[in-house]
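Presented below is the structure to which this report refers.
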Amino acid sequence: MSKTILAAIRDVMSDRSVLKMAIDLAKDEGAKLVICHVINRSEDLGVFNPAAEAALVYKAERMLEEAIDIAKKNNVDAIKVVKVGRPSERISELAKQLNASNIVLGNRKLKGIRNWLFSEFSTGFNLKNTTLVSVEK
């Protein structure tokens, strides 16, 4: 079974080290690379602007295209995924769907995300076979 590396980035410039680590892991493990960006929007807000959300999704897709190009320059094929919602929820859901062997993300607010991702009670997912790779800037 092929391994999958999930890299969650906010943007290419500030998360360049996250992208580099994910590319290196994918090369070393011969894994598929999935690069995702989560547009932080709580369903609890009660305010929804489809035009504004579509613009944010478009911007995120363009940013992820840049990340895909960087991966290709490093001889790694990657795919992009844009999600909308709470980042911790969307990342954990995507990791479960992909059966990701590694989740690579920056260390901002890592304590909360680490607790969220690795608590079956919080997520309803068993991610015990997944390694969380935090990357210092």
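Bear in mind that the values in this text are calculations on the coordinates, not laboratory data. Nothing here was measured: the structure is a model prediction, and the numbers come from that model. Positions of Cβ are backbone-derived with ideal geometry, glycine not excepted, and every protein chain shown enters the neighbour counts.
When each of the peptides 75-85, 94-104, 53-63, 25-35 is scored by how many other beta carbons lie within 10 Å of its residues on average, the order from highest to lowest is 94-104, 25-35, 75-85, 53-63. At q = 0.15, 0.16, 0.17, 0.18 Å⁻¹ the log10 of I(q)/I(0) for segment 1-104 amounts to -0.59, -0.66, -0.74, -0.82, computed by Debye summation with a single uniform scatterer per C-alpha, solvent ignored. Taking 20 Å as the limit for the C-alpha separation, the pairs Lys20/Lys73; Lys3/Lys80; Lys27/Lys96; Lys27/Lys59; Lys20/Lys72 exceed it in the case of Lys27/Lys96; Lys27/Lys59.
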